[in-house]
Amino acid sequence: MSADHSGSTRPLAWLPIPPEEIDGLPEGLEYAHWDGGPDFPTDPARCVFYAVPYLKGTEVSVRPLPRMRNLKVMQALTAGVDDLLPALSTLPSGARLCNARGLHDASTAELALTLVLAALRGVPEFVRAQDAGEWRQVFRPALADRSVLIVGYGSIGEAIEDRLVPFECARVVRVARSPRTAARGPVHPVSALPELLPEADVVILATPLTDATRGLVDAAFLARMRDGALLVNIARGGVVDTDALLVELESGRLRAALDVTDPEPLPPGHPLWKAPGVLITPHVGGPSSAFLPRAKALLRDQLARFVLDEPLRNVVAAVD
């Protein structure tokens, strides 16, 4: 059902954050708050700017789209929009989909570094020992003097490297779809992975999920990694072939730290839960105290651009 009693004829924006909590929203628009509840705040047909509810799932996110006949902008609050792309066919001609590039850089990079350090230094084992009341001293590898390979050197990949700098890594190697020279050094093409993987102690996945990256980390990719290497996935679960990873984990040859999995959520009883040498967090790279102020800033900026008919940031797709 929809509630719509404003009588306003101004263009309407749906926001997942109450508009009164976002300072500096541009004039010229009417605002409604919808964060995925069962009832729509207005007739969806009036909405021209739709900011997708955060962490509510694809089914909720796309539910109003068939009725948004006048939509011009769909703004995600996630960097990855692979779950929204199939819904573009329901949108009117000219509608644009924007991702949230930059919004989660700090938080996700922070988690990536947390996973690397926790996995290398054996923090999960220490927590289990604490639960058992046991004092277990062991020798563990440090991040210092390790070689790190970042696969997917976009804004999150850059933020990860920024945070690696103080840890005295022996080498940080960068890989992206488009090779280039970045501020910190060369960015290699994906085709160079077979030569780069055997030299890395830590491989961090920060690539979006696309047709080109789905299953990128397959049995051949994993076989190229050196014995004892750590795979860290803060990208999307579908980038990794779960069955192939399980083979390597169960053999004890590789370790992994995963913020994302395939399937996701990881169901009870899945073999990944108890695989040796794996640390799992439940897709929490973005949800942190850093999210809300950055989300408000992004929405404020995009809405100002929309009102002034200026180019939007982070347009990743448009409907013909």
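The values are calculated or read from the model by the stated rules, or taken from the named source; none is laboratory data. These numbers come from a predicted model, not from an experiment. With ideal geometry, Cβ positions are generated from the backbone for all residues, glycine too; neighbour counts draw on all protein chains shown.
Checking each residue of the stretch 22-29 against the condition of being under 15 Å from Ala87 (Cα atoms) and either in contact with a Gly (Cβ under 9 Å, 6 or more places away or on another chain) or not β-branched (Val, Ile, Thr) (or both) gives no match. Restricting attention to the stretch 14-33, the residues that are outside any helix (DSSP H, G or I), within 13 Å of Leu299 (Cβ to Cβ) and not aliphatic (A, V, I, L, M) total 8.
To keep it simple, each residue is scored yes or no on (1) within 14 Å of the chain's Cα centre (by Cα); (2) β-branched (Val, Ile, Thr).
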residue: Ala100; (1), (2): yes, no
residue: Ala106; (1), (2): yes, no
residue: Ala109; (1), (2): yes, no
residue: Val116; (1), (2): no, yes
residue: Leu120; (1), (2): no, no
residue: Val127; (1), (2): no, yes
residue: Gln130; (1), (2): no, no
residue: Gly133; (1), (2): no, no
residue: Phe139; (1), (2): no, no
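Considering every residue within the stretch 46-57, establish whether at least one is over 27 Å from Val284 (Cα atoms), in contact with a Ser or Thr (Cβ under 9 Å, 6 or more places away or on another chain) and part of a helix (DSSP H, G or I). The answer is yes; a qualifying residue exists.
Counting just the residues of the stretch 68-102 that are among the basic types (Lys, Arg) and assigned to a loop (DSSP other than H, G, I, E, B), which one comes out nearest to Asp43 (Cα to Cα)? Working first, answer last.
Step one: list which residues in the stretch 68-102 are among the basic types (Lys, Arg), which gives 69, 72, 96, 101.
Now restrict to residues that are assigned to a loop (DSSP other than H, G, I, E, B): 69, 72, 101.
Working: Arg69: 10, Lys72: 15, Arg101: 29 Å.
Here the residue is Arg69.
Report yes if Val187 is of a type outside the set (Asp, Glu), free of Cβ contacts under 8 Å to residues at least 40 places away in the same chain, in contact with a Pro (Cβ under 6 Å, 6 or more places away or on another chain) and surrounded by 14 or more Cβ atoms within 10 Å (Cβ to Cβ), otherwise no. Let's see the steps before the verdict.
Details: of a type outside the set (Asp, Glu): yes; free of Cβ contacts under 8 Å to residues at least 40 places away in the same chain: yes; in contact with a Pro (Cβ under 6 Å, 6 or more places away or on another chain): yes; surrounded by 14 or more Cβ atoms within 10 Å (Cβ to Cβ): yes.
Criteria met by Val187.
Among the residues of the stretch 148-172, how many are of a type outside the set (A, V, I, L, M), surrounded by 12 or more Cβ atoms within 10 Å (Cβ to Cβ) and over 15 Å from Gly185 (Cα atoms)? Full working, then the answer.
In the first step, residues of the stretch 148-172 are kept if they are of a type outside the set (A, V, I, L, M); the result is 152-155, 157-158, 161-163, 166-169, 171.
Next cut, surrounded by 12 or more Cβ atoms within 10 Å (Cβ to Cβ) only: 152-155, 157-158, 161-163, 167, 169, 171.
Retained after the next criterion (residues that are over 15 Å from Gly185 (Cα atoms)): 163, 167.
Number of matching residues: 2.
Can you go through Arg255, Arg236, Arg224 and tell me which one is in the same structural domain as Gly122 (by TED's automatic domain parsing) and more than 14 Å from Val203 (Cα to Cα)? Among Arg255, Arg236, Arg224, only Arg236 is in the same structural domain as Gly122 (by TED's automatic domain parsing) and more than 14 Å from Val203 (Cα to Cα).
Quick one: which of Leu85, Leu91, Leu65 is more than 30 Å from Leu164 (Cβ to Cβ), free of Cβ contacts under 8 Å to residues at least 60 places away in the same chain and either outside the structural domain of Gly36 (by TED's automatic domain parsing) or not aromatic (Phe, Trp, Tyr) (or both)?
Working: Leu85 fails: free of Cβ contacts under 8 Å to residues at least 60 places away in the same chain; Leu91 fails: free of Cβ contacts under 8 Å to residues at least 60 places away in the same chain.
Of Leu85, Leu91, Leu65, the one residue that is more than 30 Å from Leu164 (Cβ to Cβ), free of Cβ contacts under 8 Å to residues at least 60 places away in the same chain and either outside the structural domain of Gly36 (by TED's automatic domain parsing) or not aromatic (Phe, Trp, Tyr) (or both) is Leu65.
Taken as a whole, the condition of being more than 20 Å from the chain's Cα centre (by Cα), part of a loop (DSSP other than H, G, I, E, B) and modelled with pLDDT under 95 applies to Ser8. Scanning the stretch 294-320 for residues being more than 28 Å from Gly237 (Cβ to Cβ) and either of a type in the set (Asp, Glu) or assigned to a strand (DSSP E or B) (or both) gives a total of 4.
Do we have any residue at all in the stretch 234-244 that's at pLDDT 95 or above and more than 28 Å from Glu199 (Cα to Cα)? Working first, answer last.
Here is the first cut: in the stretch 234-244, the residues at pLDDT 95 or above are 234-244.
Filter once more, keeping what is more than 28 Å from Glu199 (Cα to Cα): none.
So far as the stretch 234-244 goes, no, none of its residues is at pLDDT 95 or above and more than 28 Å from Glu199 (Cα to Cα).
In the set Leu84, Leu65, Leu91, Leu111, only one residue is touching a Ser or Thr at 6+ places or on another chain (Cβ under 8 Å), more than 20 Å from Asp35 (Cβ to Cβ) and surrounded by 19 or more Cβ atoms within 10 Å (Cβ to Cβ); that residue is Leu111. Scan the stretch 190-202 for residues that are surrounded by fewer than 12 Cβ atoms within 10 Å (Cβ to Cβ), within 24 Å of the chain's Cα centre (by Cα) and of a type in the set (Asp, Glu) and the total you get is 0. Of all the residues in the stretch 264-279, those that are buried (at least 18 other Cβ atoms within 10 Å of the Cβ) and farther than 21 Å from Leu115 by Cα number 0.
Criterion applied to Pro311, Pro293, Pro282 was being under 16 Å from the mean Cα position of the chain (by Cα) and surrounded by fewer than 18 Cβ atoms within 10 Å (Cβ to Cβ), and the one residue passing it is Pro282. The set of residues in the stretch 204-263 being within 23 Å of the chain's Cα centre (by Cα), among the acidic types (Asp, Glu) and surrounded by fewer than 20 Cβ atoms within 10 Å (Cβ to Cβ) consists of Asp211, Asp218, Asp241, Asp243.
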